[in-house]
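For reference, the structure discussed in these notes is given below.
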Amino acid sequence: MGRYVQAKGELKVGLQYPPFLSTQIALEIERDAHDPHFLANLNRLGPVRVDHHMERIRPSTAAAAKDISQLFKSRLESEHEASSTSPVHNRLHAVALSYLLDERKSACSTQDIERLAKRYDIDASKLENLARYVSTPSVQRGSEKRTVEKDGQEDVTIQAVWIDPQLQE
């Protein structure tokens with residue numbers, strides 16, 4: 001380890017650091033290393049316990065190769081779809097999906113949902129299955145709470161809700 005010299009309230013570092021680190025960064029690293037609270041917390045945690053009898057788990061090379069091949073294949077398909085000017089059935093960009101889910105909230109009947117699905121070129125059954133798990137952000141009316149912090153900053157909290165369409169058959 002290097003030497004430390006205290007001169008006029010500034011810590012001088014005697015360690016050699018890589019040239020890309022500025023002097024200020026090196027000084028901060030040294031100050032961190034002498035933080036008594038940090039050292040006390042490390043001592044409280046104690047030494048690291050390592051289980052030397054643990055076995056390594058590695059996927060078989062054939063399975064790993066198959067996974068990597070599938071990854072490249074799906075990425076290539078995704079890039080091809082993204083560059084294509086024609087829409088792909090049952091595939092939507094995130095923005096289009098967001099619009100679709102927003103419009104679905106105001107549907108009044110299953111026919112409205114079917115027309116909406118057709119307009120976005122997605123199967124109505126796929127849309128309904130997706131909508132069971134995914135929605136767009138919605139807020140509950142009248143749930144707005146404003147608080148002013150001590151420093152004068154105002155925080156606004158609004159409750160989010162899950163909205164399903166009110167279908168009338």
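The values are calculated or read from the model by the stated rules, or taken from the named source; none is laboratory data. A quick note: this is a predicted structure, and the numbers were derived from the prediction, not measured. As a convention, Cβ positions derive from the backbone with ideal geometry for all residues, glycine included, and neighbour counts pool all protein chains shown. The protein model used for the area step is the full one, side chains on, heavy atoms only, and it has no ligands, DNA or RNA in it. Shrake-Rupley method; radii C 1.70, N 1.55, O 1.52, S 1.80 Å.
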Worksheet, complete the sentence: Rounded to the nearest 0.05, FRET efficiency between Ala40 and Val156 (Cβ-Cβ, R0 45 Å) equals 0.70
Worksheet item: For the stretch 127-146, list residues with backbone N below 19 Å from a point placed 7 Å from the Cα of His89 toward its Cβ?
Response: 127-130
Item to complete: Place a label point 7 angstrom from the Cα of Cys108 along the Cα-to-Cβ direction, then list the residues of the stretch 114-146 whose backbone nitrogen is under 16 Å away.
Response: 114-116
Worksheet entry | In range of the label at Ser138: residues from the stretch 92-121 whose backbone nitrogen is under 14 Å from the point 7 Å along Cα→Cβ | 99-109
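Is the C-alpha gyration tensor of the stretch 56-160 telling us rounded, prolate or oblate? Criteria: a/c under 1.5 is rounded; beyond that, a/b larger than b/c is prolate, otherwise oblate.
Values: a/c = 2.62, a/b = 1.37, b/c = 1.91.
Taking the square roots of the gyration eigenvalues as a ≥ b ≥ c, the stretch 56-160 is oblate.
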Worksheet, complete the sentence: So the number of lysine pairs in the stretch 87-169 with alpha-carbon atoms under 29 angstrom apart, 8 or more residues apart or on different chains, is 4
Worksheet entry | His80 accessible area, assembled protein chains, probe 1.4 Å, Å² | 130 Å²
Worksheet item: Quick one: which of 154-164, 35-45, 116-126 comes out on top by average Cβ neighbours within 10 Å, and what's the full order, highest first?
Response: 116-126, 154-164, 35-45
